[in-house]
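Student: This is the structure, below, for whatever I ask next.
The values are calculated or read from the model by the stated rules, or taken from the named source; none is laboratory data. What you are looking at is a predicted structure, and each value in this text was computed from that prediction instead of being measured. Because the Cβ atoms are built from the backbone with ideal geometry, glycine has one as well, and the counts that use them run over all protein chains shown. Ligands, DNA and RNA are stripped out before the accessible areas are found, and what is left, the full protein with its side chains, is counted by its heavy atoms. Shrake-Rupley method; radii C 1.70, N 1.55, O 1.52, S 1.80 Å.
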Amino acid sequence: MATSGSIGASQANRLSDVPTKPLVEIGLITAGTLDRVDRNSVDLAVEQFDAFVRDRFPSFRWKVLQTRRPESVVEKRTAPSVLLQQAMEERDENRWDFAFVVTAAELESHYSNHCFAALSRPLDAAVFSLSLIDPLATGQSTNDDTRIKSVAHRLSRLMLHALGHLLGLGSHDSPANLLHHPAVASELDGMAELTPDQISRQRESLFEIADQRLEEQTSRNLSVFGFVVRSAWINRRSIAAAMIAAKPWNFPRRLSGLTLASLSTLAILLMTAETWDLAISQSATRLVGLFWASLIATIAYVIIRQRLLSRRRRRSEQSVVTSSAAIGIVLLGMAITWCCLFVIAITIANLFFNDGLIASWAAASSLDPANVDSHHRVKMATFTASIGLMIGALGASFESQNYFRHVIFVDEEI
Ligand SMILES: [Zn+2]
């Protein structure tokens, strides 16, 4: 069951919208069922959000469209990555610029103690939970009207915070700024303003987003490949920004299954004489080939196994951006993991393996200990890091799909 309708500013405001103003459409999906207080809070929050963006960004037409998905959340706790994925699919289907999901369920958090909201730049989506911003959650007993006002105000702050990040803003230290990071729900109450610089940067990003989408311009003359390449090129900056926002340098720490499997493989290979023999007898070209093969095989395996790409067939610039960002994030994460493995292997090789030992272990290469130098250790480190990464990818399949998607797609838990 889905109902939709436009919510927002007064009729007068609507009439004054000139058709030449670029349109920004945000889809708001209510996931699961809401009680009366929550329903009223969401409606009031949307009004406050709408009034704020119309006031600060009057050069755009704003549309917030509400949809209900009562079946999508049935439990008290839910994984943000699942809701973000649904949001992305609906965003794609309806050609919204952004998709917001509101749920009464608590969100599973992986990076912090609590999670009021989680947002994803690659998916252009954010999910908000009403459970922890309700005054009842902190034991305050208030009447329904006060609760509605409080939850609505806090939710609208979270929505404006998420919009700021989705439009490329970083966080801000001042507790009165909308991009401040609240430690407790009550800190949301004081978050009210944006600096002139934040407003102008958001306006710039909005102009880029509201630009006519590529598929509506020239796509009819392009092949699928041409369309993908062109979309990726036009959106190269937002793809790069989404890749950085995912902080791929945290992968080795966050994906512990992958890291542990890689490290165990590395340790076993380094302790095996035959591996030294095999690695040292390889040419440099072959080892470079092995590095690329391990990187490509790992990325392909992880993307397919964890179903990171949308299965939709319809051409859209947004889905090219999402898929390119997902591939780019995994590529960066795996390349960084490979570098860590390489550094560990080369350090161990230098610390514990003297020239004489390497010459005797690499028996088939009939090396003279006097000829053993750093390039033999580099060969061994390249070999073991590449094999370690591939085995590590198999270890990644022990991570739950929701957690893996969380690491790839969720930039921030607020
Ligand atoms: Zn933030």
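Student: Going through LEU308, LEU341 one at a time, which residue ends up being open to solvent by less than 40 Å² (accessible area, probe 1.4 Å), assigned to a loop (DSSP other than H, G, I, E, B) and at negative phi? Outline the logic, then answer.
Tutor: Values: LEU341 fails: assigned to a loop (DSSP other than H, G, I, E, B).
Answer to the check: LEU308.
Student: Also, I was wondering about something else. Being surrounded by fewer than 16 Cβ atoms within 10 Å (Cβ to Cβ) and assigned to a loop (DSSP other than H, G, I, E, B) is the filter here; which residues of region 357-396 pass it?
Tutor: Residues of region 357-396 that are surrounded by fewer than 16 Cβ atoms within 10 Å (Cβ to Cβ), as a first pass: 357, 360, 363-364, 366, 368-371, 373-375.
Listed by number, the residues that qualify are SER366, ASP368, ASP373.
Student: Okay, next question. In this structure, is ALA162 within 14 Å of the ligand (Cβ to nearest atom), part of a strand (DSSP E or B) and under 18 Å from the mean Cα position of the chain (by Cα)? Write out each step before concluding.
Tutor: On the way: within 14 Å of the ligand (Cβ to nearest atom): yes; part of a strand (DSSP E or B): no; under 18 Å from the mean Cα position of the chain (by Cα): yes.
Judged against the criteria, ALA162 is not a match.
Student: Whether any residue in region 99-108 is open to solvent by less than 10 Å² (accessible area, probe 1.4 Å) and within 16 Å of the ligand (Cβ to nearest atom) is what I want to check.
Tutor: Checked against the condition, which is being open to solvent by less than 10 Å² (accessible area, probe 1.4 Å) and within 16 Å of the ligand (Cβ to nearest atom), region 99-108 yields at least one hit.
Student: Going by the structure shown, is GLU187 acidic (Asp, Glu) and away from the ligand (no atom under 15 Å from the Cβ)? Let's see the steps before the verdict.
Tutor: Working: acidic (Asp, Glu): yes; away from the ligand (no atom under 15 Å from the Cβ): no.
It is false that GLU187 is acidic (Asp, Glu) and away from the ligand (no atom under 15 Å from the Cβ).
Student: Quick one: what pairs do we get from region 171-185, first residue without any contact (Cβ under 8 Å) to a residue 24 or more places away in the chain and under 14 Å from LEU160 (Cα atoms), second aliphatic (A, V, I, L, M) and within 12 Å of the ligand (Cβ to nearest atom), C-beta under 8 Å, 6+ apart or different chains?
Tutor: SER171/LEU179; ALA176/MET191; ASN177/MET191; LEU178/LEU160; LEU178/MET191; LEU179/LEU169; HIS180/MET191
Student: Mind listing whichever residues of region 117-146 are within 30 Å of ASN235 (Cα to Cα) and open to solvent by 10 Å² or more (accessible area, probe 1.4 Å)?
Tutor: Going through region 117-146, the residues within 30 Å of ASN235 (Cα to Cα) turn out to be 117-128.
ARG121, ASP124 - these are the residues of region 117-146 that are within 30 Å of ASN235 (Cα to Cα) and open to solvent by 10 Å² or more (accessible area, probe 1.4 Å).
Student: Give the residues of region 186-209 that are without any contact (Cβ under 8 Å) to a residue 60 or more places away in the chain and within 24 Å of PRO135 (Cα to Cα), sorted by residue number.
Tutor: Listed by number, the residues that qualify are SER186, GLU187, ASP189, GLY190, MET191, ALA192, GLU193.
Student: Among the candidates ARG236, ARG286, single out the residue that is under 29 Å from TYR111 (Cα atoms) and either of a type in the set (Asp, Glu) or open to solvent by 10 Å² or more (accessible area, probe 1.4 Å) (or both). Lay out the reasoning, then the answer.
Tutor: Values: ARG286 fails: under 29 Å from TYR111 (Cα atoms).
Going through ARG236, ARG286 in turn, the sole match is ARG236.
Student: Residues in region 34-53 that are more than 20 Å from PRO135 (Cα to Cα) and open to solvent by 30 Å² or more (accessible area, probe 1.4 Å): how many?
Tutor: 2
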